[in-house]
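K.L.:
Here it is: the structure, laid out below.
The values are calculated or read from the model by the stated rules, or taken from the named source; none is laboratory data. Not measured: the values here are computed from a predicted model. Cβ sites come from the backbone with ideal geometry, for glycine too, and all protein chains shown count toward neighbours. Accessible surface areas use protein heavy atoms only, side chains included; no ligands, DNA or RNA. Shrake-Rupley method; radii C 1.70, N 1.55, O 1.52, S 1.80 Å.
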Amino acid sequence: EDHCPMMPKRHFSDDMPEIPHGTGLLQQRTKTSTVQVKDASGRLDKQNATALVHVKDAERLLRPKLAVLIAGRADRLVLAPKIRHVMEPVAAKGWDVDLYVSVVGMDKGSHKAWAPIPNNVSAVVAERLESVAAIQTLATAGSWAIRFCELDGDSQEVVVPKDPPRRLSLYPPSETEVGLNVLRRFKATEQLMHKVKDVEMEHGFSYDFVLLTKDDDHWLGPLDISRFQSNPTHPNDVYFKDCLRFSGVNDKTLLFGRRAAEAVLTRLYSDFWEPRREFVTGNIEHFWRNFLVVNGADMRPASFSLLPTCDSIYVKGDDGTPYLCQKKFYMCKEYADLPQDGSFEQPEFCPAADDAAWLKMKRFSRSWAMRLWNTLAHPLLLWQV
C-alpha cells in the first residue's frame, strides 16, 4: 500500500464511467466519456451506437493544471500544510491539481542533514499519513488527485565519476553524504518530471505550472497561483523566494512554467557532471542559479508572501506530543510582514539547538571566502540575478 504507481480513479460526478485500474502511472481522467445506446431488447444497436462526449469532461480537459512534485524522505514529508495551503485552495479555484511523490522509506537510506535538529519525530507518523490510502482520502475530499505516490522507496543509486569535476565544494558528492543526498534528490526529481511528461503524452494535455516543493517545506499560507498565471512570460519563468539566496537561487520552493520545467527538470541529474565551467559551484543555490541560466530559463524572484515556505520538522513537545517547528536559519526575515488576518500561520521556531545552527548559517552566508569562490567560479553569472 505504501507504493502506489497506480491510484484509484478521480471522483468527479456520479455519471462518470469507471476508470480502469492498471499498473504504472495513475490513469489520467478520460478526455471523453462514452455511453452505448441499446435497443428495446437490451442488445447493442450497432447501426445507431454513438460515443457521446460529456460536456463536463471536455471542460475539465481545458482547465488550467498544476503538477506538484515532492522528492526526499518519508520521515521529512511535511504533507498536511501542502494539502491545506496548496492542493486544496488551487483546486478550489477550478484548477486540476496533481500530486507526484517519491520519498525514501523511513528506515532506508541516509539521514545525514546539513544542520540536524535533535528530538525530532517522523513527519508521516506525526501527521498520520503513513499510507497511500490515508492521503487518497484527503485527495478525494479536496478534489485533487494523486498521480504517482511512493512512500517507501529505496535510496537512489547515483553515479560519481572516478575523477569528478568540482561540484558543491562545501559538501562535494564525491566526499560527503550531504552532497550525495543532493544528487539523490536531483535524480528522483528528474524521474518525477519524466512521469509528468508520460501522463501528458498519454492523455493529450499539458500542465501550466510545475511546483517543486521540498519534502520538509511548511507552507505558512496559500499559494495564489493566479498571481503567477497573470504574468504573460510565465511559461519560461522559474519563481523562487527572494531571500536567503546564498549567492544563488533559493531552491527550497521553485515554481516552474511548463517550458522552463521541460528545459531544466528533465536534465537536472543527467547533466550534473557535464564538464561545464558554470557548474563549478560552491553550494546548491549557486548550482541551481547557473543551471537555470545555462538551460535558458528566466529567473523571477518572488516576495515571501507569494511563496511562504520554510524548512520545518516535527519535534516532541514537553508532554511528548509532536509539533511542527520552523528552522530559524531557513526562515526569510520577511515573515514578519505577513498579514495578521489569519490567512497565514505564524511560525513557531524550533528549540534552542536550532539557534546554534542559525548562527552557523549566518556566519557562512557572510563568508568572504564563499563570495570569492563564487566570483572565481563564474564572475559574469554572479550578478545576473
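K.L.:
Quick test of your reading of the structure: Gly72 fulfils all but one of (1) touching a Phe, Trp or Tyr at 6+ places or on another chain (Cβ under 7 Å); (2) open to solvent by 10 Å² or more (accessible area, probe 1.4 Å); (3) not in a helix (DSSP H, G or I). Name the failing condition by number.
P.N.:
(1)
K.L.:
Separate question: If Leu223 satisfies every condition in (1) buried (at least 23 other Cβ atoms within 10 Å of the Cβ); (2) not in a loop (DSSP other than H, G, I, E, B) but one, which is the exception?
P.N.:
(2)
K.L.:
So how many residues does segment 198-216 have that are at negative phi and either of a type in the set (S, T, N, Q) or open to solvent by 10 Å² or more (accessible area, probe 1.4 Å) (or both)? Let's see the steps before the verdict.
P.N.:
Narrowing segment 198-216 to residues at negative phi: 198-203, 205-216.
Next, only the ones that are either of a type in the set (S, T, N, Q) or open to solvent by 10 Å² or more (accessible area, probe 1.4 Å) (or both) stay: 198, 200-203, 205-206, 208, 212-214.
Looking only at that region, the number is 11.
K.L.:
Also: If I filter segment 120-143 for residues that are free of Cβ contacts under 8 Å to residues at least 24 places away in the same chain and in a loop (DSSP other than H, G, I, E, B), do I get at least one hit?
P.N.:
For segment 120-143, residues free of Cβ contacts under 8 Å to residues at least 24 places away in the same chain and in a loop (DSSP other than H, G, I, E, B): present.
K.L.:
Only one of (1) open to solvent by 60 Å² or more (accessible area, probe 1.4 Å); (2) at pLDDT 90 or above; (3) small (Gly, Ala, Ser) fails for Ala51. Which number is that?
P.N.:
The failed condition is (2).
K.L.:
Hey, any hits in segment 226-244 for a residue that's open to solvent by 30 Å² or more (accessible area, probe 1.4 Å), closer than 23 Å to Arg76 by Cβ and modelled with pLDDT under 95?
P.N.:
Within segment 226-244 (the criterion being open to solvent by 30 Å² or more (accessible area, probe 1.4 Å), closer than 23 Å to Arg76 by Cβ and modelled with pLDDT under 95), the answer is yes, since at least one residue qualifies.
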